[in-house]
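Student: The structure that follows is given in the form of structure tokens.
No lab work stands behind these numbers, since they all come straight from the coordinates. Small disclaimer: the values here were computed from a predicted structure and weren't measured. A quick note on method: Cβ atoms are made from the backbone with ideal geometry, for glycine too, and the neighbour counts reach across all protein chains shown.
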Amino acid sequence: MDMEIVSISLDKDTLKELNDIQYSLGFKSRSKMLRSTIDLLLNEHRIIDSLRGVHDVVAVITYRESEKNHVSGLLHGFEDAIGTTVHQHHSHLCLDMMNIDAGADVIRRLFRILKSSKCIKSVNFTILGRSEYR
């Protein structure tokens, strides 16, 4: 398989952390580790893109406590889809776990907004299955 070279810029702290992760996970190269990470993102996107109908989803997001108003604004437009929310604080970070019952288009829109937001540190979606409640 032919490979294209893609260059990225990273700050020293991020590079050190990546090197530490590479070592601890046993990747033979940074490129292999980054390709694996990209594969995870691509697979996650394919799963979200393939959804049809109404689904139950659990979303977990983390963000800096100082960004809580911005995150609240992002989530405000999805009040009808977000059921139960659990909020927890840890070392100046917030963690929100949300139960979502919504159509595939709403789930995709929420996923894309959260993934592209600079204030969100991490986003994880677990698709529980098709909803029986709508």
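Student: Roughly speaking, what is the stretch gain from LEU95 to LEU40, that is 0.36 nm per residue apart minus the C-alpha to C-alpha distance, in nm to one decimal?
Tutor: So the extension gain works out to 17.7 nm.
Student: What's the exposure ranking of MET33, MET1, MET97, going from fewest to most Cβ atoms within 10 Å?
Tutor: MET1, MET97, MET33
Student: With Cβ to Cβ distances under 11 Å as the rule, what net charge do the other residues near GLU67 carry (K, R +1; D, E -1)?
Tutor: So the surrounding residues net to +3.
Student: What does the charge count near ASN19 come to, summing +1 for each Lys or Arg and -1 for each Asp or Glu among other residues with Cβ under 14 Å from its Cβ?
Tutor: Around ASN19, the surrounding residues sum to +1.
Student: Relative contact order for region 53-130 using alpha-carbon pairs under 8 Å, separation at least 6, rounded to a whole percent?
Tutor: 52
Student: Using Cα springs under 10 Å in a Gaussian network model of the chain, which residue among SER91, SER122, SER36 shows the largest mean-square fluctuation?
Tutor: SER91
Student: Just to be sure I understand the model, the point goes 7 Å from the Cα along the line to the Cβ. What's the resulting ARG108 to SER24 distance in nm?
Tutor: 3.6
Student: For each of VAL57, VAL71, count neighbouring Cβ atoms within 10 Å of the residue's Cβ, then give the residues from fewest to most.
Tutor: Arranged by neighbour count, lowest to highest, VAL57, VAL71 become VAL71, VAL57.
Student: Using R₀ = 41 Å, calculate the FRET efficiency as 1/(1 + (r/R₀)^6) where r is the Cβ-Cβ separation of LYS16 and ASP49; round to 0.05.
Tutor: That gives a FRET efficiency of 0.75.
Student: Let me ask you something else. Helix 12-25 sits at what angle to the longest principal axis of the chain, using alpha carbons and giving 0 to 90 degrees rounded to 10?
Tutor: 90
Student: On to the next question. Tilt of helix 30-50 relative to the longest C-alpha principal axis of the chain, in degrees (0 to 90, nearest 10)?
Tutor: Once rounded, the angle reads 20 degrees.
Student: So, R0 is 25 Å and r is the distance between the beta-carbons of ARG130 and ASP80; what FRET efficiency does that work out to, to 0.05?
Tutor: With R0 = 25 Å, the Cβ-Cβ based efficiency is 0.85.
Student: In a GNM of the chain with a 10 Å cut-off on Cα contacts, which of ILE61, ILE38, ILE21 has the highest mean-square fluctuation?
Tutor: Sorting by GNM fluctuation, first place goes to ILE21.
Student: While we're on this one: Taking a quarter of the surface of the convex hull around the Cα atoms of region 53-130, what do you get in nm²?
Tutor: One quarter of the hull surface, i.e. the mean projection, equals 4.6 nm².
Student: Viscosity 1.002 mPa s, temperature 20 °C: what is the translational diffusion coefficient of the chain from Stokes-Einstein with a Kirkwood Rh over Cα pairs, rounded to a whole number of µm²/s?
Tutor: Using the Kirkwood radius from Cα pairs, D works out to 127 µm²/s.
Student: Mean-square fluctuation check for the chain, GNM, Cα pairs under 10 Å: which of LEU41, LEU25, LEU114 is largest?
Tutor: The residue that fluctuates most here is LEU25.
Student: Please work out the C-alpha center-to-center distance from region 92-118 to region 3-45 and express it in whole Å.
Tutor: 24
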